[in-house]
Amino acid sequence: MPMANDAREKTRELQIKLYRAAKRSESRRFHALYDKVHRKDFMQRGWEEVRRNRGAPGVDGVTIEEVERAGVEEFLDELAAELREGSYRPMPVRQRLIEKTGRPGEYRSLGIPAIRDRVVQAAAKAVLEPIFEADFLDCSWGFRPKRSAHGALEAVRQGIQKGQRWVVDADIARFFDTIRWDVVREALKERISDRRVLKLIQGWMKAGVLAEGGSLLHPEAGTPQGGVISPLIGNVVLHRLDRQWQERCWSLGTLIRYADDLVILCPTRAKAEASLAALIQILAELGLELGAAKTRLVDMRDGGEGFDFLGFHHRWVKSFTHKGQCFCARWPSRRAEQAARQKIRQHTDRRLRNLAAEDVVKRLNRFLVGWRNYFRHGNSTQVFHALDRFVEDRMARWLTGKHGHHGFGLGLAILSRNDRLGLVTLVGNVRYGAAHAAR
């Protein structure tokens, strides 16, 4: 049930109206939004976003495919009726623990809402996002329309090139797990006065978490990391940080934030120290704190150690081509490279030897193309070469084992005879065949 062009245009028209109304008046609070959330076109838009992103089922076990088989239109009509009648109740989110890259034994909790809740969250996000977008500042780059991690990375590069080479490398401790509900409500109420919308969001935050062990938990703070609307809630709360920084601390340094990841670029050590103190104070006003073990001041001048941000390691280096000149270089961080190697190992695991080689290559190519597309925006050639060698070695060993041999000699011969089976390279052009199908 694809969304008709006229319905898509109607949602877009309303979003533009909401954005312009919010932009015209910084103090305006919107009171008639709930009926827009369960409007048919917004519900359909919410469904399309959820279907496009796929994802695992929630606590009810209902999958995308099951909804499609039973009938999408009936599913959306029933959900909209529950919202209109006030009988809609969000389900607890299903907890999934994911090991942190490069930190064995440390996990982050991902909350997976039921598909029905994801659809309503996506519809609500489509209604609310234009209102808050009118307020968000240029220092915020994460989970916003027409903004990206690469934009944040370019802002970092430009700031360091201009002389801001003292960096506050900050980590907000367990941000999504510790956001206070009263802080979220107050931040939302700056723009939203519709009580039903506020109650809807509060319901998602208080719905509970079904832990992996089967027990139902009821946290007293936080928003599930994995919910469709959670990034918007995070930006609404941290907009208060952005605003305070612009009003009180702009002369100390440049704040660059991607969701809860942030750095502050400063021209001197004294301003970096003052920036860190100011950041701690502003976050305390929001009920948040920095992770002391992961927050530090970095000297990016000659011989500085550099820092990691958004998967890249940033460092001030000498130019090989322009003698006497230096520049801010970035390449995949050690943690990002380790994560890539682990993913490659998973895609070439010996337990997958029952699969056709073309299928393994196709899966591996999907990962490699996505990884390359992100990390090519930097000085990544050396890391790319190393990973290309690693991929070839792993694939050769997999092929050799599939044919009942040891080592990797036979696998290398198979790859060379068959144009690498279409396996892509990170350095150079994409090879066709299975690689082309992975695009």
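The values are calculated or read from the model by the stated rules, or taken from the named source; none is laboratory data. The shown structure was predicted, so the numbers you read here are calculated from the model rather than taken from an experiment. Neighbour counts run over all protein chains shown; Cβ positions are idealised from the backbone, glycine included. Surface areas here come from the heavy atoms of the whole protein model, side chains and all, with no ligands, DNA or RNA. Shrake-Rupley method; radii C 1.70, N 1.55, O 1.52, S 1.80 Å.
Right, Arg315: among the charged types (D, E, K, R) and not in a loop (DSSP other than H, G, I, E, B) or not? Yes, satisfied. Selection of region 370-425 for residues being over 16 Å from Pro332 (Cβ atoms) and of a type in the set (Ser, Thr, Tyr) yields Thr400, Ser416. Counting the residues of region 130-149 that are in contact (Cβ under 8 Å) with a residue 24 or more places away in the chain and either open to solvent by 50 Å² or more (accessible area, probe 1.4 Å) or part of a loop (DSSP other than H, G, I, E, B) (or both) gives 9.
Only one of the numbered conditions (1) touching a residue at least 12 places away in the same chain (Cβ under 8 Å); (2) open to solvent by less than 30 Å² (accessible area, probe 1.4 Å); (3) touching a Lys or Arg at 6+ places or on another chain (Cβ under 6 Å) is violated by Phe307, and that is (3).
Restricting Ile160, Ile172 to those that are closer than 17 Å to Asp308 by Cβ, touching a strand residue (DSSP E or B) at 6+ places or on another chain (Cβ under 6 Å), among the aliphatic types (A, V, I, L, M) and surrounded by 20 or more Cβ atoms within 10 Å (Cβ to Cβ) reduces the list to Ile160. Being small (Gly, Ala, Ser), surrounded by fewer than 19 Cβ atoms within 10 Å (Cβ to Cβ) and assigned to a helix (DSSP H, G or I) is the filter here; which residues of region 179-225 pass it? The answer is Gly203, and nothing else. May I ask you to list the residues in region 84-114 that are of a type in the set (A, V, I, L, M, F, W, C) and in contact with a Lys or Arg (Cβ under 9 Å, 6 or more places away or on another chain)? The answer is Met91, Leu97, Ile98, Leu110, Ile112, Ala114. The residues of region 76-110 that are in contact with an Asp or Glu (Cβ under 9 Å, 6 or more places away or on another chain), modelled with pLDDT of 95 or more and open to solvent by 40 Å² or more (accessible area, probe 1.4 Å), listed by number, are Arg84, Arg89, Met91, Arg94. Taking region 46-56 as the range and being assigned to a loop (DSSP other than H, G, I, E, B) and either surrounded by fewer than 11 Cβ atoms within 10 Å (Cβ to Cβ) or touching a Ser or Thr at 6+ places or on another chain (Cβ under 9 Å) (or both) as the test, the residues that pass are Arg54, Ala56.
Please tell me if Leu410 is surrounded by fewer than 19 Cβ atoms within 10 Å (Cβ to Cβ) and outside any helix (DSSP H, G or I). So Leu410 does not fit the description; no. Screening region 254-290 for residues that are assigned to a loop (DSSP other than H, G, I, E, B) and farther than 30 Å from Thr223 by Cα and picking the one that is farthest from the chain's Cα centre (by Cα) gives Thr268.
Annotation note: of Trp316, Trp331, the sole residue that is in contact with a Gly (Cβ under 7 Å, 6 or more places away or on another chain) and open to solvent by 40 Å² or more (accessible area, probe 1.4 Å) is Trp331.
Just one of the listed residues (Ala336, Ala293) is open to solvent by less than 60 Å² (accessible area, probe 1.4 Å) and of a type in the set (Gly, Ala, Ser), namely Ala336.
Conditions tested, residue by residue: (1) open to solvent by 40 Å² or more (accessible area, probe 1.4 Å); (2) touching a residue at least 40 places away in the same chain (Cβ under 8 Å); (3) within 16 Å of Ala123 (Cα to Cα).
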position: Arg8; (1), (2), (3): yes, no, yes
position: Thr11; (1), (2), (3): no, yes, yes
position: Lys23; (1), (2), (3): yes, yes, no
position: Ser27; (1), (2), (3): yes, no, no
position: Gln44; (1), (2), (3): no, yes, yes
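Screening Lys343, Lys402 for residues that are open to solvent by 60 Å² or more (accessible area, probe 1.4 Å) and closer than 30 Å to Val298 by Cβ leaves exactly one candidate, Lys343.
Just a yes or no: is a residue in region 86-100 of a type in the set (A, V, I, L, M) and under 15 Å from Arg196 (Cβ atoms)? Within region 86-100 (the criterion being of a type in the set (A, V, I, L, M) and under 15 Å from Arg196 (Cβ atoms)), the answer is no, since none of the residues qualifies.
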